[in-house]
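Inspection log for the structure reproduced underneath, given as structure tokens.
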Amino acid sequence: MKEQTFESIRHKGYDIRFRSKPNFDRLYVELSTACNFSCEMCFSSGQERKSGTMIAAQTITRLADELSGYPDRPEIVFAGIGEPLLHPDWRAFLLRFKEIPAKVGLHTNGALLDEEALTFLVDAQTDHLCLSVDPEGFGHESAEKSLETLEMLHAIKKRKGSLLPLVSIQSVLCSKNIGGSDAFGRRIESLGVSEWILSNLVPMNAEQAKTALYPMSPISLATPLGLSFASRFPFARVPSFRLIGERGCPFIDKNSLVVGADGRITLCYPFLRSHETYPFGKKHPVAAYAFGHFPDERLLSVWQKTDVSSFRAKVRLGLFPYCFECEWIDTCELITRGSTDCHGNMPSCADCLWYHRLVMCF
Ligand code: SF4
Ligand code: SF4
Ligand code: SF4
């Protein structure tokens, strides 16, 4: 392990010294880029989802070998931009990481979770299950089936006397389904859900951008969910609907690394795939960016690279420009290219909806 010395970043003529965290706490592992759904708010193209890449079994073996040597093991989350349960070996992979031992979570659209798969998750003492389900009107397919899956899981856990897996629900909200959020919340609160992560939409086209619930007036006290939403649903994590207030990257703040199904190592979902987004109706391309490749490089050596720790420090300290607050946003060519910003950062977080907590994730 690299000796913990001070590193520095230069910002507006100052040298800022920092000592970065020596290890990461969470590792998102993308098992599959294929998906059995075709949600309209998905980052990946339909073609990508059809031709999908599956992570190699050897990559999982090497990941597990590397992580078993760590004194502080990160939590593993099978997630990414694709459906992890489409990988034919997901059960074996989950057991391998539990064996290390490490905490293992799974983020899925839930369509492939039948009674046998749910029983497996309980018996394997999977630590956390996050299901993507949205109130009716917009979002993932088959919400009703997902709610039945939750009922089934709740019954299996009760029968076996197991507290695991903990269950989170992730829902995307926009003007088409926000009206159903109260009824949806009441439905899931009796199903043993410990956390309901609500998120705004990352618009994939200009039409979709018109249905986004942000930005609201900075002086408005209510959110589109209503004033007493948070007290009625204390297990809900509500996103911001304004461009002011608390900021921070959910990936960097949790000290996360992401390994794509093709072995690329990055720091967040937006950098996993090149895609176009339309925040506030204007096209912003986002270029994929790899900080390293597994298994050619060890995860820890990528985490400790100087450019990676400097990047994380800049994001933690908010030392980059914010396009959504910039008077040049309508004429700026940089954001239409999507790889760098006006401070020369590459990759750039300048137009990231996650950073403003408008978008949240598991
Ligand atoms: S379930 Fe997830 S990965 Fe699959 S299409 Fe929907 S958003 Fe994309
Ligand atoms: S890249 Fe810089 S100049 Fe361009 S919109 Fe963003 S903050 Fe403004
Ligand atoms: S682009 Fe957004 S999600 Fe990715 S590291 Fe930057 S702030 Fe975080």
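The values are calculated or read from the model by the stated rules, or taken from the named source; none is laboratory data. Source: prediction; values computed, not measured. With ideal geometry, Cβ positions are generated from the backbone for all residues, glycine too; neighbour counts draw on all protein chains shown.
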### Pro234 being more than 16 Å from ligand 2 (Cβ to nearest atom) and either in a loop (DSSP other than H, G, I, E, B) or small (Gly, Ala, Ser) (or both)
yes
## Note on the structure
Picking from Glu136, Glu83, Glu148, Glu116, the residue that is within 30 Å of Thr211 (Cβ to Cβ) and without any contact (Cβ under 8 Å) to a residue 40 or more places away in the chain would be Glu148
#### Entry: Matching residues in segment 1-37 - criterion: being within 25 Å of Ala287 (Cβ to Cβ) and without any contact (Cβ under 8 Å) to a residue 40 or more places away in the chain
Arg10
#### Entry: Lone qualifier among Asp341, Asp330, Asp351 - being surrounded by fewer than 20 Cβ atoms within 10 Å (Cβ to Cβ), of a type in the set (D, E, K, R) and either over 17 Å from Arg26 (Cα atoms) or within 11 Å of ligand 3 (Cβ to nearest atom) (or both)
Asp330
### Task
Kindly list, by first and then second residue, each pair from a residue in segment 264-287 that is touching a residue at least 40 places away in the same chain (Cβ under 8 Å) and closer than 9 Å to Gly338 by Cβ to a residue that is within 16 Å of ligand 1 (Cβ to nearest atom) and among the basic types (Lys, Arg), limited to pairs with Cβ atoms under 9 Å and residues at least 6 apart or on different chains.
Val286/Arg273
### Message
If a residue counts only when it is more than 30 Å from Thr223 (Cα to Cα), which helices (runs of 4 or more DSSP H) contained entirely in segment 241-354 have at least 2 such residues?
### Response
299-303, 306-317, 334-337
### Task
Pull up segment 151-193, narrow it to residues that are buried (at least 16 other Cβ atoms within 10 Å of the Cβ), of a type outside the set (A, V, I, L, M) and out of contact with any helix residue (DSSP H, G or I) (no Cβ under 9 Å at 6 or more places or on another chain), then point me to the one that is farthest from Lys98 (Cα to Cα).
Lys176
### Query
Regarding Pro270, is this residue of a type outside the set (S, T, N, Q), surrounded by 22 or more Cβ atoms within 10 Å (Cβ to Cβ) and either over 18 Å from the mean Cα position of the chain (by Cα) or within 13 Å of ligand 3 (Cβ to nearest atom) (or both)?
yes
### Task
Might you let me know whether segment 183-195 holds any residue that is acidic (Asp, Glu), at pLDDT below 95 and at negative phi?
yes
### Message
Please verify whether Ile60 is outside any helix (DSSP H, G or I) and surrounded by 15 or more Cβ atoms within 10 Å (Cβ to Cβ), treating the condition exactly as stated.
### Response
no
### Task
Please go through segment 283-318 and pick out each residue that is within 16 Å of ligand 2 (Cβ to nearest atom) and surrounded by fewer than 18 Cβ atoms within 10 Å (Cβ to Cβ).
Lys283, Pro285, Ala287, Gly318
### Task
Quickly run through segment 114-150 and pick out the residues that are β-branched (Val, Ile, Thr) and either under 21 Å from the mean Cα position of the chain (by Cα) or surrounded by fewer than 21 Cβ atoms within 10 Å (Cβ to Cβ) (or both).
Thr119, Val122, Thr126, Val133
### Task
Please work out which residue is nearest to Ala313 (Cα to Cα), limiting yourself to segment 1-54 and to residues that are aliphatic (A, V, I, L, M) and surrounded by 13 or more Cβ atoms within 10 Å (Cβ to Cβ).
Ile9
